[in-house]
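Each value in this text was obtained by applying a stated rule to the coordinates, not by laboratory testing. Predicted model only: the values in this text are computed from it and were never measured. When we count neighbours, we look across all protein chains shown, and the Cβ atoms used for this are built from the backbone with ideal geometry, even at glycine.
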Amino acid sequence: MNMSREIKKDLLPRLQERYARRGRAGRSRVLDGLCQDYHYERKYAIKLLRGTLPPPHGRKKPVGFTRSRPYHRDDNAHVEQKNWMWPRQLLGYGRMASAALVEPINQLYRQAWDPLMNFFLPGLKLGKKWREGSHWRKRYEPAQTVYQRLMQLPELPRRRRRELQDRFKSLDPFALKAEVEKWLRTILAGPAGGLRQGGVTRELA
């Protein structure tokens, strides 16, 4: 069960006081009880008992702290994989703290990166997955772009299909790549920009 706000307000100060007064063995017992009763990860429970969780930094609602599912330690790796696939490989890992960069980044995705990804960069899609003994076997469909997969849908209206075909014929992947690089130079030029670690667009060069 999760610790409700009322229980946390009443119980947590007493647990923190008990944790602070105990020795090493006593702290371990308090920590074990908290993790067992509320299914917290041990590191999160330690921060909770020490009172070292970061503040919400002026937000109206506190930031929810997430954790991996039990026995699924690779959950965070999957999340970071998607983070790398969309923002990281394009903008890098540098912190962008300026609100003035929001609109240029939106324009970058809207005008260049989205059409480049959706019309010209194919991706794999899992076709089937089965288990053989202790191993999982996977077979992927041939690599296709989002545009190609969409055009194969029989329920796609004819008018919408013609619009997508006209849009595809009007696009040039090399011009889109150049536009991506132009926006990136604008975004990453100042001190508020990040440091990009390469990018998938360089494969078109």
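Between A99 and D37, what length comes free when the chain is fully extended (0.36 nm per residue of separation minus the Cα-Cα distance, one decimal in nm)?
18.1 nm is the gain from fully extending A99 to D37.
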Cα-centred dipole magnitude for region 5-50, charges only on beta-carbon of K, R (+1) and D, E (-1), debye, nearest 20: 280 debye
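Give the value in nm², to one decimal: projected area of the alpha carbon convex hull of region 94-204, averaged over all directions.
Working: hull surface 41.9 nm².
Spelled out: convex hull of the Cα atoms, projected over all directions, averaged, 10.5 nm².
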Once you put a point 7 Å from the Cα of F174 and another 7 Å from the Cα of W84, both along the Cβ direction, what distance in nm separates them? 3.0 nm
Using a 7 Å offset from the Cα along the Cα-to-Cβ direction at both R159 and K125, what is the distance between the two label points in nm, to one decimal? 2.5 nm
What GluC sites (Glu not before Pro) does region 104-178 have in DSSP loop regions with at most 15 other beta carbons within 10 Å? E155
